[in-house]
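For reference, the structure discussed in these notes is given below.
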Amino acid sequence: MRKNYYLALRMRKHNGMRPQDVAILLKIIALKNKEWQLVPLANELKISMSEISESLNRSRLAGLVDYNKKRPNKISILEFLEHGVKYVFPQQPGALSRGIVTAHSHPFMRKFFKSQENYVWPTRIGDVIGQVIEPFYEKQPQAASEDPEFYKLLSLVDVIRVGKVREVKIAVDELNQMIDEPSK
């Protein structure tokens, strides 16, 4: 009886992913296989260390990071982003606001699609007016503005969440290249 009690304490129940989990995984991928520590990661993401730790526990239980919570499972992450993120974290463009461009308004996607519409993460540090796409967490625009690779990854995932078939195909292809890219 006592053994089962301790086993139950060690096993955690998976209550599903949270939006910031996607951003945390993308930030780790943006680091290109570099060794990372929890404190600098928390500082760069503007998320508390405890929230990152809990996120990594959820991601480990979901099979998105290894047992030690240090290496992303790139194949599973790509599968989740391509096929699951739009259902788990759906998004509808909202009201107009000032912010940082995302989704098909990101400079990478602008190379493929011309549009008068802009999608933005709402923030005072942005300089574009567009329809609001809610970020995965509150301080995401600030963290993304400090890391171009992270910013591009997040924007490509937003394309999957709100884009049309052609836009999504380009975003998925680019995500595959970025995530499978070996470290430099």
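All of the numbers you see were taken from the coordinates with simple rules; none came from a lab. Source: prediction; values computed, not measured. Methodologically, a virtual Cβ is constructed for each residue, glycine included, from the backbone with ideal geometry; neighbour enumeration extends over all protein chains shown.
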**OP:** For each pair in Lys27/Lys139; Lys32/Lys114; Lys34/Lys152; Lys74/Lys152, compute the distance between the two Cα atoms and list the pairs where it is over 23 Å.
**Re:** Lys32/Lys114
Original post:
Which residues make up the longest stretch of the chain clear of chymotrypsin sites (Phe, Trp or Tyr not before Pro) that lie in a DSSP loop with no more than 13 other Cβ atoms within 10 Å, not counting the sites?
Top reply: 113-184
Original post:
For the stretch 45-94, what does the alpha-carbon gyration tensor say about shape, rounded, prolate or oblate, given a ≥ b ≥ c as the root eigenvalues, a/c under 1.5 as rounded, and a/b over b/c as prolate?
Top reply: oblate
Subject >> Average projection area in nm² (convex hull over Cα atoms of the chain, one quarter of hull surface) >> reply: 11.5 nm²
Original post:
Once amide H atoms are placed 1.01 Å from N in the peptide plane, what residues at a sequence separation of 5 or more from Val65, or on another chain, have their amide H within under 5 Å of its amide H?
Top reply: Arg60, Asn73
Subject >> Principal axis dimensions, largest first and in whole angstrom, of the stretch 93-168 by Cα >> reply: 30, 26, 18
**OP:** Could you pull out the longest piece of the chain with no exposed loop GluC sites (Glu not before Pro) in it, calling a site exposed if DSSP puts it outside H, G, I, E, B and it has at most 16 other Cβ atoms within 10 Å?
**Re:** 36-116
Original post:
What is the sum of charges around Ile129, taking Lys and Arg as +1, Asp and Glu as -1, for the other residues whose C-beta is under 15 Å from the C-beta of Ile129?
Top reply: 0
